[in-house]
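One structure is given below, encoded as structure tokens.
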Amino acid sequence: MVATAHFKHQVQHYAVTVTRDDAVSATARVREHTFTVSIKRGGGEAGPNAAETLLSALGTCLLTNVQTLAEKMRIGLEEARVEIAATRRNVPPGLVEVHYTLHIKSSAPPEKLQYLHEKAVEWGTVTNTLAHGVPIEGKVEIHLP
């Protein structure tokens, strides 16, 4: 991730590499971090599948903003977690519904916590990407053995 100056004009770049390990698993590499994901359709023995990984990103996005904004708003958090459920259609494959519940344990006034939630959604990279979509481009490079 690389950032440039001036917040409103700031651009960040992300790079992730996912490499097939075997018929059921792959390793995702993000900077110096790695985690195993499942690449077997209908399976999940090796780790989270692609849809679960996407939903995990949504939860991570929300909690990142909740944490950051709570600190700025001087809201003490005893606990915060996101429970997410989604429905997938088969043809064409895709998620057609995503529902989440943000659980916050705090002594802050409910109105302040509601505002925290609204801002966490508004400033979320993943929340905005999923809610508004982004064009995806791809290509294939063939390497002969």
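All of the numbers you see were taken from the coordinates with simple rules; none came from a lab. Values in this document were obtained by computation on a predicted structure and should not be read as measured data. Positions of Cβ are generated from backbone atoms using ideal geometry, with glycine treated the same way; all protein chains shown enter the neighbour counts.
Key figures
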{"quantity": "Scattering curve values for the chain, log₁₀ I(q)/I(0), Debye with Cα scatterers, q = 0.12 Å⁻¹", "calculated": "-0.67"}
{"quantity": "Computed [θ] at 222 nm, deg cm²/dmol, the chain (DSSP H ≥ 4; -39,500 (n - 2.57); rounded to nearest 500)", "calculated": "-10000 deg cm²/dmol"}
{"quantity": "Asp21 long-range amide H proximity, modeled H, under 5 Å", "calculated": "Ala26, Thr27"}
{"quantity": "Calculated P(r) of segment 49-132 - Cα pairs past 20 Å, %", "calculated": "35"}
{"quantity": "Cα-based reach from Lys8 at 23 Å (exclusive), listing lysines while leaving out same-chain residues under 8 positions away", "calculated": "Lys72, Lys119"}
{"quantity": "Computed lengthening from Val91 to Val30, 0.36 nm per intervening residue step minus Cα-Cα distance", "calculated": "18.9 nm"}
{"quantity": "For segment 50-60, Karplus couplings with θ = phi - 60° (6.51, -1.76, 1.60), whole Hz, Gly/Pro x", "calculated": "4, 5, 5, 5, 4, 5, 4, 5, 4, x, 5"}
{"quantity": "Sites Lys112 and Lys8, calculated FRET efficiency, Cβ-Cβ separation with R0 35 Å, nearest 0.05", "calculated": "0.85"}
{"quantity": "Student exercise, the chain dipole from Lys, Arg, Asp, Glu Cβ charges, in Debye to nearest 20", "calculated": "180"}
{"quantity": "Proxy reagent accessibility, fewest Cβ within 10 Å first, across Glu78, Glu52", "calculated": "Glu78, Glu52"}
